[in-house]
Amino acid sequence: MSAKNATITVGNKNVDLPMYDGTVGPTVIDIGKLLAQTGMFTFDPGFLSTASCESKITYIDGDEGILLHRGYPIEQLAEHGDYLETCYLLLYGELPTKTQKADFDYRITRHTMIHEQMAQFYRGFRRDAHPMAVVVGCVGALSAFYHDSTDINDPHQRMVASMRLIAKMPTIAAMAYKYNIGQPFVYPKNDLDYAANFLRMCFAVPCEEYKVNPVLARALDRIFILHADHEQNASTSTVRLAGSTGANPFACIAAGVAALWGPAHGGANEICLRMLMEIGTPDRIPHFIARAKDKNDPFRLMGFGHRVYKNFDPRAKIMQKTCHEVLAELGIKDDPLLDVAMELERIALHDEYFIERKLYPNVDFYSGITLKAMGFPTTMFTVLFAAARTVGWIAQWKEMIEDPNQKIGRPRQLYTGQTSRDYAPIGKR
Ligand code: CMC
């Protein structure tokens, strides 16, 4: 980073603050010493103008619709590579050689089983629990089973925990699904690739052979790639904040899963599909568009808008293509949901309200239709997102732990509550 100064005037005092250029993207002003120099904090709820860390992993240009992992465009990774290659890239910073890739795939595959006692743990949940509730609990519980990889100061243990999390998340997710529908757990199978193995763990039953459809496996692998990382979003920032306290990686990733669950973040894919079902037919779209524009109505068009993208989400374009491939493979020609989605997209892209606010379809808009066609219930959508995002969370967590300037995350506040007052005994209030 190259240092230069920004001068800001506070009252009649000029304060020099260092500025740093990234390799691409906006320059930042380092306000770390602002409090010491002026006695003031900055105020930025929602972090609209605040960079919370330095990172070398993912870059997004929201105006241009660009998403790069370690410099590589998401379109190229999704087109030419597989999910584990993207995982390697996010974790290690470079694409693997043939030998490195084979070794990485082997190591991830050999960590997919979970401790048998965890099956008992699942049985403590109600059958009708939302699978995300089960996944939050089970990921947090990993630290109770894998004590030998919770020392965050040991680089070897950090890497073992990272591998375990990437490898075990699909198993944990599939078990949450199987438990929910009352079917026996299906163990991972080591001769299958990551996505095919996940499909099998979700959809195979012991009484018959399960043959993985390669088109669906490839589509799921692509969905995993598209969700692998997205720089400092809410769940990743949660993981970093939890990790900054020195908490173990399993606990930090559980915090990330919890943050992802919200409808403004990873929960949007589930709610988006429910919205498309509620709309039902294209003729009902104008009513929902009107509701989305009405400031007195909390309804929002799910799957539209993004904090960073003020252009087409590049992931949405790939997702749209993948969606069509899956529907064609499954022979679904006239999916009413797809009709509603296409018409909604068309209308929204031509509507002044959406144009003015730069509200474009995001990745969740098409992922729900695709996952539903594959046979996943809506409650599993965010679980799949969590499984895919685990590598991003863990890569960002590792980067933070390995940063020599790392500090505990501790934001300040603008206090607008009561000033100091005396305690009144209960009878005098
Ligand atoms: N439908 C209708 N109006 C919207 C929408 C929407 N989906 N999104 C934003 N707006 C309006 C909003 O009312 C505001 O209007 P005005 O300026 O008149 O008050 C303006 O656009 C700016 O919105 P904002 O809430 O200030 O924007 P934000 O950056 O804080 O919110 C968002 C981003 C993703 C939370 C929001 O766009 C949203 O709620 N979208 C629907 C949920 C969704 O699809 N989320 C998935 C995001 S992609 C997956 C992921 O990365 O997690």
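The values are calculated or read from the model by the stated rules, or taken from the named source; none is laboratory data. Computed from a predicted model, the values in this text were never measured in an experiment. Because the Cβ atoms are built from the backbone with ideal geometry, glycine has one as well, and the counts that use them run over all protein chains shown. The accessibility values were calculated without ligands, DNA or RNA, using every heavy atom of the protein model including side chains. Shrake-Rupley method; radii C 1.70, N 1.55, O 1.52, S 1.80 Å.
Spacing of the modelled spin labels on residue 144 and residue 116, each 7 Å from Cα toward Cβ, amounts to 1.9 nm. Computed from the Cβ-Cβ distance with R0 of 35 Å, the FRET efficiency linking residue 324 to residue 126 stands at 0.40.
Rg/Rh for the range 85-170 (Cα atoms only, Rh after Kirkwood) is 1.03. For the range 221-345, a simple Cβ point-charge model (Lys and Arg +1, Asp and Glu -1, everything else neutral) yields a dipole of about 520 debye relative to the Cα centre.
Radius of gyration (Cα atoms) of the range 138-188, expressed as a multiple of 2.2 N^0.38 Å: 1.32. Taking only protein heavy atoms and a 1.4 Å probe, the accessible area of the chain is 53% carbon and sulfur. Going by a ≥ b ≥ c, the root eigenvalues of the Cα gyration tensor, does the range 196-346 fall in the rounded group (a/c under 1.5), the prolate group (a/b larger than b/c) or the oblate group? Note, shape of the range 196-346 comes out oblate. Rounded to the nearest 20 debye, the dipole size of the range 94-227 about its Cα centre is 280 debye, using +1 on the Cβ of Lys and Arg and -1 on the Cβ of Asp and Glu. Per residue, the average separation of C-alpha pairs within less than 8 Å and at least 6 apart gives the range 116-271 a relative contact order of 26 percent. Taking label positions 7 Å along the Cα-Cβ direction at both residue 294 and residue 64, the computed distance is 4.1 nm, reported to one decimal. Evaluating kT/(6 pi eta Rh) at 10 °C and 1.306 mPa s, with the Kirkwood radius of the range 312-429 over Cα pairs in the Stokes-Einstein relation, gives 83 µm² s⁻¹.
Hydrodynamic radius of the chain by the Kirkwood approach over all distinct alpha-carbon pairs: 23.4 Å. With all pairs of different C-alpha atoms in the average, the Kirkwood value for the hydrodynamic radius of the range 348-414 is 15.9 Å.
Using the Cα gyration tensor of the range 168-208, with a ≥ b ≥ c the square roots of its eigenvalues, what is the shape: rounded (a/c below 1.5), prolate (a/b larger than b/c) or oblate (neither)? Oblate.
Which of 138, 241, 207 sits closest to the plus end of the dipole of the range 103-256, meaning its Cα is farthest towards the positive end, when Lys and Arg get +1 and Asp and Glu get -1 on the C-beta? Going by the Cα projections, it comes out as 207.
Between residue 281 and residue 311, full extension at 0.36 nm per residue minus the direct alpha carbon distance yields a gain of 8.1 nm.
In a fully extended conformation the segment linking residue 41 and residue 415 would gain 133.5 nm over its present Cα-Cα distance, using 0.36 nm per residue. Length gained on full extension, residue 48 to residue 9: 11.9 nm, using 0.36 nm per residue less the C-alpha separation. Accessible surface area normalised per residue over the chain is 50 Å², counting heavy atoms of protein chains with a 1.4 Å rolling probe. Sequence-distant contacts, meaning Cα pairs under 8 Å at least 6 residues apart, place the relative contact order of the chain at 19 percent.
The modelled label-to-label distance between residue 99 and residue 205, using points 7 Å beyond Cα along the C-beta direction, is 4.7 nm.
In loop segments of the range 197-271 as defined by DSSP, the trypsin sites (Lys or Arg not before Pro) with at most 13 further C-beta atoms inside 10 Å of their C-beta are 211. When the Cα positions of 367, 401, 354 are compared along the charge dipole of the range 351-429, 401 comes out farthest toward the positive end, with charges on each C-beta of Lys, Arg, Asp and Glu. The longest part of the chain holding none of the exposed loop GluC sites (Glu not before Pro), meaning those outside H, G, I, E and B in DSSP with at most 12 other Cβ atoms within 10 Å, is 210-401. Taking 30 Å as R0, compute the FRET efficiency from the Cβ-Cβ separation of residue 151 and residue 21 and round it to 0.05. After rounding, the FRET efficiency stands at 0.25. Under a model in which nothing but the beta-carbon of Lys, Arg (+1) and Asp, Glu (-1) is charged, the chain shows a dipole of about 1320 debye around its Cα centre.
Once you reduce the range 76-107 and the range 248-303 to the center of their Cα atoms, the two points are 32 Å from each other. Ordering 305, 332, 319 by the projection of their Cα atoms onto the charge dipole of the range 299-365, which places +1 on the Cβ of Lys and Arg and -1 on the Cβ of Asp and Glu, puts 305 at the extreme positive end.
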